[in-house]
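The values are calculated or read from the model by the stated rules, or taken from the named source; none is laboratory data. Computed from a predicted structure; not experimentally measured. No Cβ is skipped: glycine too gets one built from the backbone with ideal geometry, and neighbour counts run over all protein chains shown. Accessible surface is based on the protein model in full, side chains and every heavy atom, while ligands, DNA and RNA are left aside. Shrake-Rupley method; radii C 1.70, N 1.55, O 1.52, S 1.80 Å.
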Amino acid sequence: MAILVDSETRLVVQGLTGSEGSFHGPRNKAYGTQVVAGVTPGKGGQEVDGIPVFDGVAEAVAETGANTSMIFVPARFAIDAIYEAVDAGIHTIACISEGLPAHEMLGAYWHVRGEGARMIGPNCPGALSPGKANVGIIPAEVFAEGSVGLVSRSGTLTYQIGHELAQRGLGNSTIVGIGGDPVVGSSFVDVLALFEADPETESVVMVGEIGGEEEEKAARYIEREMSKPVFAYIAGFTAPPGKTMGHAGAIISGSSGTAQAKKDALEACGVRVGTTPTEVAELVVAAAASG
Amino acid sequence: MDLYEYQGKELFAHYGIPVSDGGLAATPEEARVAAEELGGQVVVKAQVLTGGRGKAGGIKLAEDASEAEARARDILGMDIRGHVVRKVWIEKASEIAKEYYLSLTFDRGEKKPLFMFTTQGGVDIEEVAAEHPEALVRLHVDPRVGFQPFHGRRLTQEGGVADAGEAKQIQALAGKLYGCFVGSDALLCEMNPLIVTPAGEVRALDSKFTVDDNALYKHPHIAEMRDLEAYPPEERAAREKGVTYVKLDGEVGILGNGAGLVMSTLDVIAIVGGRPANFCDLGGGGSAEGVVDALEVITADPQVQSIFFNIFGGITRCDEVARGILQALEQIDIAQSIVVRLDGTNAEEGRRMLQEAAPPNLHTEPTMLDAARRAVELAGETVEVA
C-alpha cells in the first residue's frame with residue numbers, strides 16, 4: 001500500500017534531459033522505481049541511463065503505460081508541463097520545479113482537481129515510499145521502511161525529521177513533500193486523508209511552517225476525521241512578520257500565519273507538537289512504545 | 001515585491017482605474033515644481049513601503065507650491081517605522097465626501113481571488129473586520145470564471161451603496177481592478193480609501209500593491225520598479241548575488257539548505273539560548289560558489305559572532321558544500337568560528353574533506369542540536385573576548 005507512489009508507479013520524468021532531471025531520474029530508477037520514460041520536446045529518441053526519451057507526455061504514456069509524472073522543467077515551462085501531464089491521462093503528478101507564478105498555479109490547481117488527477121508541489125521534494133518507490137529528490141538512504149506517515153511543506157526539514165525517526169528505529173510508510181509555495185496541488189488535509197485510509201500507516205507526523213492557514217485547517221480535520229495519532233512540528237517561531245522566509249508561501253501577513261497560532265490550533269485539536277525536530281521524533285517514539 | 005503608492009497608482013491608471021494627478025519628488029525643490037504644475041492645493045505624501053504614514057506625520061496638506069516645498073522638506077528624510085523617506089508624491093488635493101475601502105487579495109486557502117469592500121473606509125481594515133464584520137463584504141471570484149458584472153453588483157448591493165451613480169462606478173472599477181490584479185500578477189491590490197467626491201466621482205486615493213516575485217519575469221516594467229535602496233544593505237548584497245537572505249538581530253549567523261530547515265535552525269538556536277543573526281538559504285543545488293557568496297553576505301554583518309552551517313543534503317550534495325566552505329575560507333577572511341553539521345547526500349565525503357583540511361576555526365558536530373549549542377557557545381565566547 002503506502003500512498004501516492006508504490007510498486008505500481010510507472011514514472012515519466014518531464015525534463016529528464018536537464019541537469020536536475022538527468023541526476024535524479026536515474027537515482028529514482030536505481031532505487032527501484034519503475035522509471036519508464038522521459039519527456040523533453042525535441043529530444044525524442046534519445047536515452048538517459050537507458051530510459052527512453054519522448055517528445056511529449058501523451059506519446060510516452062501510449063508507449064510505456066506511464067501513470068505518474070515528475071516535473072523537473074524550468075519554472076516558466078512548468079505550468080505547461082502540468083497541463084500536458086493531465087491531458088495525457090497521468091493521475092499523479094509531482095512538480096519539483098519551483099518559482100511558478102501563483103496566478104497560473106491557481107488555474108492549474110483547479111484543472112488538475114477537475115480532471116480527477118492528484119498533484120503534489122510545486123516546489124516540493126516529491127514522495128518516497130521506502131522499499132517501494134522514490135519519485136523526486138528525497139535522499140532515500142535517510143529513511144527506513146515503517147509505519148509512520150510523514151507530510152511536510154519543506155524538503156530538508158523532512159529529511160531531518162525522518163533521520164531523527166530512523167535513528168530511533170522508526171521507519172516511514174510514505175514521505176510526502178507538499179511544497180513551499182502559496183498554492184500547491186495537495187494540502188495537508190488531502191494527504192492526511194490518504195494516510196488515514198492507508199492500512200500501512202499507523203501514525204502521522206506533519207511538518208508545517210509559517211504562512212497561510214493550512215495547518216489550522218489540518219488541525220480541525222484531524223480532530224473531526226482522523227483515528228490515527230498525529231504529531232506535528234512547526235518551523236518559524238523566530239521569523240519576523242512581513243518577510244518571506246525562503247519559501248514563497250512562508251510569510252507572516254499582519255498577525256496571521258504565525259508558528260504560535262498554528263501550534264495553538266493543533267494542540268487545541270489534540271495534536272502533540274514538538275518544539276524541535278528531535279522532540280517531535282521523541283514524541284512519536286514514546287507513543288509507539290506505550291501504544 | 002511591494003510597490004510604493006505612486007507605483008501602484010501608475011498600474012491602477014494603466015488599467016483605467018481613476019486616480020488623482022500627481023508628481024514624484026526626491027527634493028523639496030522638485031516638490032515645489034510638481035506642486036506648481038498641478039496648481040492649487042496639494043497633498044505631500046511620504047513614499048515608504050510600510051503603513052501608518054498618516055499617523056507618523058508623513059502626509060501633509062499644502063495650500064500652494066511654496067508650502068508644498070516646506071512640507072516636503074519636513075517629510076523627506078523622516079524615519080517611518082524604520083523606513084527613511086527618500087521620495088514624496090505630490091498629489092492634487094481631493095475633496096472627500098465619503099471614504100470606502102476596496103481590495104482584491106490572493107486567498108491561498110480558497111485558491112481564489114478575494115474582493116473585500118466596505119463603506120467604512122479610511123481606517124484600519126482589520127479593525128472593521130473585527131468590530132463590524134457585517135459591514136465588510138467578502139466575495140470570492142472563481143479564477144476559471146473571472147470577473148463578471150454580477151460580482152460588481154453583489155459588492156455594492158451587499159456593501160449598502162445607495163446611490164445608483166456611485167454603485168455603477170464602483171462596479172466598473174471592481175472589474176478594472178480584477179483586470180489589474182490578474183494582468184500584473186498581483187497578490188494584493190488595496191485602495192484605502194476609495195473616495196467619493198462631493199460631485200459623486202469615485203477614485204482611488206491610496207494604493208497598496210504586492211506583485212508575485214515569481215511572475216516578475218513576465219513584467220519587466222514592474223520588475224524595474226524595485227527600489228533596491230529600500231532594503232537593508234546586507235539584503236541588497238544578497239539579492240545581487242542571488243542568495244536568499246533576511247537580516248535578523250542576533251549574533252549567530254545561520255546558513256542552511258531549504259527554507260524549512262533554515263527556519264527550524266533559527267528556532268533551535270533560540271531554544272538553546274542564542275539569537276539568530278539572519279535567515280540564509282542556500283537553496284537546492286548548493287554549488288561551491290553559492291556557499292562562498294552566502295558566507296560573504298553573512299560575515300558582512302558586524303553583529304555575527306559565530307556561524308552555524310546546517311546542511312541536510314537532498315539535491316544539495318554535502319561534498320559540494322564542503323568544497324564551498326573550504327574555498328570560502330581561502331578566499332575571504334573569516335574571523336568567526338564556523339560550526340558545521342552535514343547529513344544526507346554525500347555527507348561522509350563532505351565530512352572527510354573538512355576533517356582532512358581541518359581549518360582552525362572550523363568545528364564539526366554530529367547533530368543539529370549539538371551544533372546549535374556549540375554555535376551559541378562560540379558566539380558567547382567571542383563576545384567575552386571582545
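I'd like the distance between the alpha-carbon centres of the range B:307-386 and the range B:90-140, rounded to an integer number of Å. Value for the Cα centre distance between the two parts: 49 Å. When Rg and the Kirkwood Rh are both derived from Cα coordinates, the Rg/Rh ratio for the protein assembly as shown amounts to 1.00.
Summed over both chains, the area buried between A and B is near 4200 Å², taken from the accessible surface of protein heavy atoms with a 1.4 Å probe. With a 1.4 Å probe rolled over the protein heavy atoms of all chains, the accessible area of B:Lys247, B:Lys208, A:Lys43 falls in the order B:Lys208, A:Lys43, B:Lys247, largest first. Would you work out which of A:Ala166, A:Thr40, A:Ser186 lies farthest towards the positive end of the dipole of chain A, given +1 charges on the beta-carbon of Lys and Arg and -1 on that of Asp and Glu, about the Cα centre? The residue sitting most towards the positive pole is A:Ala166.
Counted over chain A with a bin width of 10 Å, the fraction of Cα pairs per bin, in whole percents, is 7, 30, 35, 21, 6, 0. Between the range B:191-222 and the range A:67-125, the alpha-carbon centres lie 31 Å apart. What size of dipole, in debye to the nearest 20, comes out for the range A:145-291 about its Cα centre when the only charges are +1 on Lys and Arg C-beta atoms and -1 on Asp and Glu C-beta atoms? Computed charge dipole of the range A:145-291: roughly 300 debye. In the range A:76-102, the residues whose accessible area drops by at least 50 square angstrom when the other protein chains are added to the isolated chain are A:Arg76, A:Pro101; the probe is 1.4 Å and only protein heavy atoms count.
Mean residue ellipticity, 222 nm, helices only, the protein assembly as shown: the sum of -39500 (n - 2.57) across DSSP H runs of n ≥ 4, divided by residue count and rounded to 500, is -11500 deg cm²/dmol. Of all DSSP beta bridges confined to the protein assembly as shown, the antiparallel ones make up roughly 50%. Ligands, DNA and RNA excluded, the heavy atoms of A:Ser97 present near 10 Å² of accessible surface to a 1.4 Å solvent probe. The mean accessible area for residues of chain B, using a 1.4 Å probe and ignoring ligands and nucleic acids, is 41 Å² per residue.
Of A:Arg153, B:Arg239, A:Arg224, B:Arg226, the residue with the largest accessible area leads and the full order is A:Arg224, B:Arg239, B:Arg226, A:Arg153 (1.4 Å probe).
Legend: P(r) of the range A:143-290 from all alpha carbon pair distances, 10 Å bins from 0, whole percents, reading 12, 46, 34, 7, 0.
Burial annotation for the range B:283-327: residues with an accessible-area loss of at least 20 Å² between the isolated chain and the complete set of protein chains, computed on heavy atoms with a 1.4 Å probe, are B:Phe312, B:Gly314, B:Ile315, B:Arg317. Note on surface exposure: B:Tyr217, B:Tyr6 rank B:Tyr217, B:Tyr6 by accessible area, highest first, 1.4 Å probe. Charging the Cβ of each Asp and Glu at -1 and of each Lys and Arg at +1, and nothing else, the dipole of chain A about its Cα centre rounds to 360 debye. Neighbours of B:Asp206, meaning other residues whose beta-carbon lies under 12 angstrom from its beta-carbon, give a summed charge of +1 when Lys and Arg score +1 and Asp and Glu score -1.
Solvent-accessible area assigned to carbon and sulfur over chain A amounts to 49 percent, based on a 1.4 Å probe. Using Cβ point charges alone (K and R +1, D and E -1), the dipole size of the range B:190-265 about the Cα centre works out to roughly 180 debye.
If you roll a 1.4 Å probe over the range B:231-381 with all protein chains in place, what percent of the accessible area is carbon or sulfur?
45 percent
For the range A:143-290, the share of DSSP beta bridges that are antiparallel, to the nearest 5, is 5%. In the range B:21-92, what percent of the accessible surface is made up of carbon and sulfur (1.4 Å probe, ligands and nucleic acids excluded)? Heavy-atom surface of the range B:21-92 belonging to carbon and sulfur, 1.4 Å probe: 49 percent. Each DSSP beta bridge with both residues in chain A is either parallel or antiparallel, and the antiparallel ones are about 20%. Compute accessible area for the range B:212-234 by itself and then with all protein chains, 1.4 Å probe, and report residues whose area falls by 40 Å² or more. In the range B:212-234, residues shielded by partner chains: B:Asn214, B:Tyr217.
Panel values: chain B, Kirkwood radius from alpha carbon pairs, Stokes-Einstein at 10 °C and 1.306 mPa s, translational diffusion coefficient 67 µm²/s. Annotation: per residue accessible area for chain A equals 34 Å², rounded to a whole number [probe 1.4 Å, protein chains only]. Since only A:Gly274, A:Leu150, A:Thr258 are under comparison, the one whose Cα sits farthest along the positive direction of the charge dipole of the range A:143-290, derived from C-beta charges on Lys, Arg, Asp and Glu, is A:Thr258.
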